[in-house]
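Encoded as structure tokens, the structure appears first; notes follow it.
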Amino acid sequence: MLFKDIAILDENFDCQEHRWVGVLGDRIDYIGAQAPADTEKYGEVYDGEGRLLMPAMYNAHSHAPMTLLRGYAENLPLQAWLEQKCWPFEGKMTGEDNYWATLLAGAEMLRYGTVSFSDMYYHTPERARAVEELGMKANLCTSPIAFEPKPIQEYPVFDEMADAIENIDGMAGGRIKFEGCIHAEYTNNDVTAKSVFDWAKERNVPLHIHVSETKSEVEGCRERHGGKSPVQWLESLGALDVPLVAAHCVWVDDGDIEILAKHNATVAHNPASNMKLSSGFAPVAKMLDAGVNVALGTDGMASNNNHDMFQDMYLMAMLPKGNELDPTLVTPKQAITAATRAGALAQGREDCGLVKEGFKADLAVLDVTGVSWCPVNDMLTNVVYAGHGSDVVLTMCDGAVLYRDGAWPTIDVGRVKFEVAERTVRIQSELSQGE
Ligand SMILES: [Zn+2]
């Protein structure tokens, strides 16, 4: 595809008007103020009038199959939300339920300009199948909850991990990767956690873990582990010796932030989820100042309840200003970096997340003719504060168009919605009958 005379957010997120962007295969082959010498080789010419081309988004923390639980568990504190609602519902979910729910989650992400997600859940083969069919990218992990102090190899979930590292990591031409994971400190123990971290280290794969999401989690951790915070506990067991995606980090102190920065960890910030579950406000400005790679996630659909990263990007830029009474905190550039480049880096995809020649063609095109886009004093500011996911008209992943003008070329979205709705009804009836 050749984008003709289109405004772009360049690799510094500065807006450049009237650019030509040529996509060849899975990469951005050409960016220039003039048409490339050979326009024919790019195929379709896309008229850029009234459009903005920006990097597609990378969702750094999701639980895609939880789309089945959208609107199911509301107005509850985290522990009750998890134990009374989410876990019993999830106990009824089959592999096929996970497959269909992941397809729906992916369709929603594509609708709003997201091409890749770091997904912590179960039923990895079914999730991988969905991602492959969607044409998206994902870093998948399966999240052990392990209270008995024995190595992960003695838990049934290890079979799935071993199989996934063999057969799923690197699938779909590298679009799908598999990572190590424990669900969280409070759902694990030293022995199992250490064995997972050693496993990740031996295979040189990243880890994805819920960290310091709530105040009570941190207090409990300090009691269980001789005063150590979750970040200190993870460091002591070697979890930071590999690239770590620490989801949430709401209740981290200066010492924790220093540790995360020192080890080049990524914090997956989930502002909508943290507010909805009343977990608090993560100190993102401090983390950014300390040099932590802050990426952005939606978390699961029981605690958000949508996959529109534009909303999380808006919240990331807004919340610290209000919470810390300082309007200079978190710039639009920092917020969009978190939604795009930082997420790509968190997934180990160095050549993704920017509109730059030679990079993978992971792109979102926005219709910027709507009333909320006028005037354009600064395009990036409009994107972060006035833009919506619904402004996206085209989403491209590795050069393939996966969403365009209300259509998803890779999946039958009507069937997907039907399956998800039916399966939700089935699970709810099983729960009400106490099966
Ligand atoms: Zn989560």
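The values are calculated or read from the model by the stated rules, or taken from the named source; none is laboratory data. Since we're looking at a predicted model, the values are computed, not measured. Heads up, the Cβs are rebuilt from the backbone with ideal geometry, glycines too, and the neighbour counts pull from every protein chain shown. What goes into the accessible areas is simple: the full protein's heavy atoms, side chains included, and nothing from ligands, DNA or RNA. Shrake-Rupley method; radii C 1.70, N 1.55, O 1.52, S 1.80 Å.
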When the Cα centres of the range 367-384 and the range 234-248 are compared, how far apart do they sit, in Å?
39 Å
Compute the length gained on full extension between Val45 and Lys321: take 0.36 nm times their separation in residues and subtract their Cα-Cα distance, giving the result in nm to one decimal.
95.2 nm
Please list, in order along the range 162-173, the HN-Hα scalar couplings obtained from phi with the Karplus expression 6.51 cos²θ - 1.76 cosθ + 1.60 (θ = phi - 60°), rounded to whole Hz, x for Gly and Pro.
5, 5, 5, 5, 7, 10, 10, 4, x, 4, 6, x
In whole percent, the fraction of accessible protein surface over the chain that belongs to carbon or sulfur atoms, probe radius 1.4 Å, stands at 50 percent
Under a 5 Å amide H to amide H cut-off, with H placed in plane at 1.01 Å, what residues pair with Ala247 once short-range neighbours are removed?
Ile209, His210, Val211, Ala268
May I ask for log10 I(q)/I(0) of the range 283-435 at q = 0.17, 0.19, 0.20, 0.21 Å⁻¹, from a Debye sum over the Cα atoms as equal point scatterers with solvent left out?
-1.15, -1.30, -1.38, -1.45
Computed [θ] at 222 nm, deg cm²/dmol, the chain (DSSP H ≥ 4; -39,500 (n - 2.57); rounded to nearest 500):
-10000 deg cm²/dmol
What's the local net charge at Asn274, with K and R +1, D and E -1, over the other residues with C-beta under 12 Å away?
-1
For Gln84 and Lys215, extending 7 Å from Cα along the Cα-Cβ vector and measuring point to point gives, in nm, a value of 2.1 nm
Hey, for a label at Ser390 modelled as a point 7 Å past Cα toward Cβ, could you say which residues of the range 102-117 have their backbone N under 11 Å away?
none
Which one of Thr114, Thr410, Thr102 has the biggest mean-square fluctuation once the chain is modelled by GNM with Cα springs under 10 Å?
Thr410
Checking rank on 270-277, 163-170, 254-261, 344-351, with mean other Cβ inside 10 Å and highest first, the result is 270-277, 344-351, 254-261, 163-170
Antiparallel as a % of all DSSP beta bridges within the chain, to the nearest 5?
45 percent
Do any trypsin sites (Lys or Arg not before Pro) in the range 132-205 lie in a DSSP loop with no more than 13 other beta carbon atoms within 10 Å, and if so, which?
none
Enter the accessible area per residue of the range 1-110 (Å², integer; probe 1.4 Å; all protein chains in place).
38 Å²
Report the gain in length on full extension from Thr381 to Asp367: 0.36 nm times residue separation, minus Cα-Cα distance, nm rounded to one decimal.
3.5 nm
Restricting the range 1-50 to GluC sites (Glu not before Pro) in coil, as DSSP defines it, with at most 16 other Cβ within 10 Å
Glu11, Glu44, Glu49
Please list, by residue number, every one of the GluC sites (Glu not before Pro) in the range 51-147 that is coil in DSSP and has at most 14 other beta-carbon atoms within 10 Å.
Glu74
What does a probe at Gln428 reach in the range 49-78, counting residues whose amide N is under 15 Å from the point 7 Å along Cα→Cβ?
67-74
For the chain, cysteines whose Cβ has no other cysteine Cβ within reach (under 4.7 Å):
Cys15, Cys86, Cys221, Cys249, Cys352, Cys374, Cys397
In terms of the Cα gyration tensor, with a ≥ b ≥ c the square roots of its eigenvalues, is the range 57-346 rounded because a/c is under 1.5, prolate because a/b exceeds b/c, or oblate?
rounded
For the range 248-349, what does the alpha-carbon gyration tensor say about shape, rounded, prolate or oblate, given a ≥ b ≥ c as the root eigenvalues, a/c under 1.5 as rounded, and a/b over b/c as prolate?
rounded
Between Ala421 and Asp351, what length in nm is gained on full extension when 0.36 nm per residue of separation is reduced by their alpha carbon distance?
21.5 nm
If packing is taken as the mean number of other Cβ atoms within 10 Å per residue, what is the order of 206-218, 378-390, highest first?
206-218, 378-390
Given unit charges at Cβ for Lys, Arg (+) and Asp, Glu (-), the dipole magnitude of the range 112-194 about its Cα centre in debye, nearest 20, is 280 debye
The range 57-346, dipole about Cα centre (Lys/Arg Cβ +1, Asp/Glu Cβ -1), debye to the nearest 20
620 debye
Would you grab the residues whose amide H sits under 5 Å from the one on His263? Only those 5+ places off in sequence or on another chain, please, with H modelled 1.01 Å from N.
none
